[in-house]
1. Using the structure shown, decide if Ala96 is farther than 30 Å from Arg46 by Cα and either of a type in the set (S, T, N, Q) or exposed (fewer than 15 other Cβ atoms within 10 Å of the Cβ) (or both).
2. Out of the stretch 79-98, which residues are over 17 Å from the mean Cα position of the chain (by Cα) and part of a loop (DSSP other than H, G, I, E, B)?
3. Of the numbered conditions (1) farther than 20 Å from Ile160 by Cβ; (2) surrounded by fewer than 16 Cβ atoms within 10 Å (Cβ to Cβ); (3) among the acidic types (Asp, Glu), Asp87 fails exactly one; give the number of that condition.
4. Suppose we filter the stretch 85-112 for residues that are more than 22 Å from Arg174 (Cα to Cα) and of a type outside the set (Val, Ile, Thr); how many remain?
5. Hey, could you check the stretch 152-166 for residues that are modelled with pLDDT under 95 and not polar (S, T, N, Q) and say which is surrounded by the most Cβ atoms within 10 Å (Cβ to Cβ)?
6. Only residues that are in a strand (DSSP E or B) and without any contact (Cβ under 8 Å) to a residue 60 or more places away in the chain: list them for the stretch 132-165, please.
Amino acid sequence: MAESESTEMYLKTILELECGDEPVAISQIAERLGVSAVSANEMIKRLIEREMLVHMPYKGVRLTELGRRRGRSVQRRHRLWECFLVDSLSIPWDRAHDLACRLEHATADEVTEALAAFLGHPKTCPHGNIIPLADGTLEEPPVVPLSELEVGQSGHVARIYREETTLLEYLAERGILPGLPVRVEDIAPYNGPLTVRVGDREHVLGREIAVHILVDLD
C-alpha cells in the first residue's frame, strides 16, 4: 500500500471513530484497520511528526486542523464516488461503499471537483451521510441513534453511519433506507432488541445494528 493511501486511510478512520472531543485510542484504530498495534503506532508517530495528529498521553490521538482537512477530503471523494456508482452506474446501494473505498485514493482534486459538478453537487451520499465541501467544512444536522429512541418515538431514517458492507447488506435486504419513516413499536426488557416499523414493514433489530441507524426525529 502506498504511503499516501495509508495516510488517508488512517485519517479517515480516526474521523469515523471520533466521539465529540474525546481522543481516539490507538487500539481502536488498529482494530478498525485490521493491523497490529505495532504498525498502528508506527504510522501514528509519522502522522504526529507531520502535524496531522496530536498525542494525548494514555488517552489516544486527536486530529489537527491539517489532519481533519485531509480526512474530510477523503470523505468527500468517497461519498461522491458512492453517488456516481449508485446514481449513474446503478451499482447496488450496499456494494457502492467497498468500491468507493478503492476509488477514493486514486482521485485527484481536479477529478473530484469535476465529478461533483457532473453529479450536480449532491449534498449527501446514498447512505444519507453529508458530503464535505471542497474546503473541508462539514455541517451535520442533529440526529439520534435509533438505539436511543423510546417506544412511540418516530422520525425518518437520516443516515447510516458508520458504513460497513455487512451492515449495508443487512439493511438493504430489509429495505431499511434513508428517507423512510421509522417508529419504535416495542423494546425488549434488559436492554434487548427493538421492534421498529420502517416504511410499511416491521423489523426486530439488535442494538448493535440500531446504533448505526441515525434518525431525524419528528
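1. So Ala96 does not fit the description; no.
2. Answer for the stretch 79-98, where residues must be over 17 Å from the mean Cα position of the chain (by Cα) and part of a loop (DSSP other than H, G, I, E, B): Leu89, Ser90, Ile91, Pro92.
3. Against the list (1) farther than 20 Å from Ile160 by Cβ; (2) surrounded by fewer than 16 Cβ atoms within 10 Å (Cβ to Cβ); (3) among the acidic types (Asp, Glu), Asp87 comes up short only on (1).
4. 12
5. So, considering only residues that are modelled with pLDDT under 95 and not polar (S, T, N, Q), the one surrounded by the most Cβ atoms within 10 Å (Cβ to Cβ) is Glu163.
6. Val157, Ala158, Arg159, Ile160
The values are calculated or read from the model by the stated rules, or taken from the named source; none is laboratory data. Here the structure is a predicted model, which means the values were calculated and not measured. A quick note on method: Cβ atoms are made from the backbone with ideal geometry, for glycine too, and the neighbour counts reach across all protein chains shown.
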